[in-house]
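Notes follow once the structure below has been shown.
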Amino acid sequence: MRLLLVLSLLLTAAASQCAVLKDITVFSEKMQKDVAVSVIFPDAYFATHGGRFPVIYALNGYGSNNRSMFWPKLLEIFKEGSDMCGVMMVFPDCDRDSWYFDRSRDGKFYETFTTKELVSYIDTRYRTIADRPHRFVVGTSGGGHGAWFLASYHPELYSVVASLSGTADMLWESSAWNTAVHEGDRPVDDCRSINNTPKLKAGNFVLYQDVGFDDHLYHSNVGLHEKMKAEGTDHVYIERPGKHDAPYWEAAYRGYFHFLFDVMKEGRNK
């Protein structure tokens, strides 16, 4: 009986020593509605009193929502990465097809929400380190486009910008996306990541790009990489075996967290 009690206490302690996922809603004044957001807190957030933490804004892709990446294995990777790096992770809903644009035509203002309203909400209500060096953005697929796009026009917000199998040029890759890029409030050419490389260079970011050989976005990612290289933009570029799918994203996020850990350890985000 005593042994069982000790084992139970050990298991309870182990279970408590890991990152915690919480679903919240954030009201958007601009859109006059609640937006679903998920937040992962590292174990250290609850183990310390008064400690403050960096934040990763993790952007989901086209057709998905704030919880779409939470299949068991990837959610475990998120929690492990949160604990390893000592960071919060914030996953906003992008209303499936907003592309993180402001669109007056249908009242979707997800550029404003993600860069202004959400950042303000998170920094006001949670113990964040509310400055550029400790704020990061990463995205998969359409969220990768979102990371490039939002960083290009809001360089004061983020220090580390990462795209994992991200959309690199919306005019190149799909007729449906070609239509979407014409629907935002910004001019079409301003919404294309491949056109915003001068902004990425000028932003003094730590840039990270990862894509699979068999991804349908591979060739446009190579084009973006080659353009940044030709312009002298310092960035990490990784291509690895893999498709545009769950096994690839699991491997890519593991690599991303190790990269971010090293960046923070070496102070390159400062």
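The numbers here are math on the coordinates, done by the rules we state, and not lab data. Model, not experiment: these values are computed from the prediction. Here the Cβ positions follow ideal geometry from the backbone for every residue, glycine too, while neighbour counts run over all protein chains shown.
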Inset, instruction - Before anything else, pin down the relative contact order of the stretch 18-266: Cα pairs under 8 Å, at least 6 apart, normalised by residue count, whole percent. - result: 17 percent
Legend entry - For 148, 71, 249, order by how many other beta-carbon atoms lie within 10 Å, fewest first: 71, 249, 148
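Where both residues lie in the chain, what percent of DSSP beta bridges are antiparallel, nearest 5?
40 percent
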Legend entry - Max mean-square fluctuation residue, GNM over the chain, Cα-Cα springs under 10 Å, options 106, 123, 43: 106
Inset, instruction - Could you work out which residue, out of 133, 54, 241, moves most in a Gaussian network model of the chain, that is, has the largest mean-square fluctuation with Cα springs under 10 Å? - result: 241
Inset, instruction - Could you tell me the number of lysine pairs in the chain with C-alpha atoms less than 23 Å from each other, where the two lysines are 8 or more residues apart or belong to different chains? - result: 23
Legend entry - Value of [θ]222 nm, deg cm²/dmol, for the chain, DSSP H segments ≥ 4, -39500 (n - 2.57) each, nearest 500: -11500 deg cm²/dmol
Legend entry - Listed residues 110, 237, 158, most fluctuating in the chain (Gaussian network, C-alpha, under 10 Å): 237
